[in-house]
1. Full-extension gain between Lys82 and Asp179, please, as 0.36 nm times their residue separation minus the C-alpha to C-alpha distance.
2. Would you compute, from DSSP H runs of 4+ residues alone, the mean residue ellipticity of the chain at 222 nm, taking -39500 (n - 2.57) per run and dividing by the full residue count, rounded to the nearest 500?
3. At 0.36 nm per residue, minus the direct Cα-Cα distance, what do Val55 and Asn136 gain on full extension? Give it in nm, one decimal, please.
4. So what are the ³J(HN,Hα) numbers for region 164-172, from phi and the Karplus equation (6.51, -1.76, 1.60; θ = phi - 60°), rounded to whole Hz, Gly and Pro as x?
5. Under the Karplus relation 6.51 cos²θ - 1.76 cosθ + 1.60, θ = phi - 60°, what is the ordered set of whole-Hz ³J(HN,Hα) values for region 54-70, x standing for Gly and Pro?
6. Normalised by the number of residues in the chain, what is the relative contact order in percent for Cα pairs under 8 Å and 6+ residues apart?
7. Over all directions, what mean area does the Cα convex hull of the chain project, stated in square nanometres?
8. Under a 10 Å cutoff between Cα atoms, tell me which one of Glu40, Glu160, Glu27 has the largest fluctuation in the Gaussian network model of the chain.
Amino acid sequence: MKVSILLVILFTVLVVDAQTDEKLRSELLAMRDRDQAAREACDKGTTDDRITCYVKFAEDDDRPNTERLKAILKAGGFPDAKAVGKDGVEAFYLILQHSADIELKKQCLEHITKAFEAKLLAPISYANFTDRLLVNLGKPQVYGSNFELKDGKLVMSATEDLNNLDKRRAKIGLPPIADYVKMLRDVYKMEVVDPLRPIDR
């Protein structure tokens with residue numbers, strides 16, 4: 001009887017070990033922390049200073065991070081919460097979002113959507129990923145989360161059916177676009193144009 005119980009415990013441990021990858025999780029969290037620390041360091045000085053900092057960071061860090069994500073996908077596919085935990089999935093998403101590799105993002109879109117539907121990613125994360133990919137593909141975005149710097153102002157990228165924008169945002173759990181615009185103004189300390197209220201300041 002004792003032998004049987006021991007074998008059951010051993011089998012359970014082996015199954016759990018096969019499903020989890022703590023080493024990969026730790027690596028993803030470390031990559032996320034470096035990414036965030038570097039980007040916070042860029043949020044200083046003039047707008048030109050910040051842009052220069054982000055361009056350098058993209059070359060020095062985003063590029064090698066992208067290559068590492070490709071290697072992870074090739075070795076074991078898109079990491080799920082069973083393997084790397086919810087925070088590991090979020091970290092993978094964040095690093096992927098900052099990549100300039102459009103084909104890689106297209107490859108991962110279905111997995112990002114499933115992660116959102118499984119409540120592993122927040123609505124704003126899903127919206128940011130979807131919208132930025134659409135904009136990069138030359139298509140109108142859906143949730144209005146992507147803004148571009150034009151003439152010293154942040155202006156919303158081309159967006160489909162503005163009249164129903166807030167309805168689409170509400171459907172996935174996002175606040176009205178007016179609240180998002182206010183948040184952008186508070187964070188970036190610059191003028192942000194609300195496409196639904198263009199004369200509102």
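Rule-based calculations on the coordinates, nothing more; no lab input. A quick note: this is a predicted structure, and the numbers were derived from the prediction, not measured.
1. 31.5 nm
2. Rounded to the nearest 500, it is -21000 deg cm²/dmol.
3. 27.5 nm
4. Here the 3J(HN,Hα) series is 10, 4, 5, 5, 5, 5, 4, 4, 9 Hz.
5. Result, rounded to whole Hz: 5, 5, 5, 5, 4, 6, 7, 10, 4, 5, x, 4, 4, 5, 5, 4, 4.
6. 13
7. Mean projected area of the Cα convex hull: 13.9 nm².
8. Glu40
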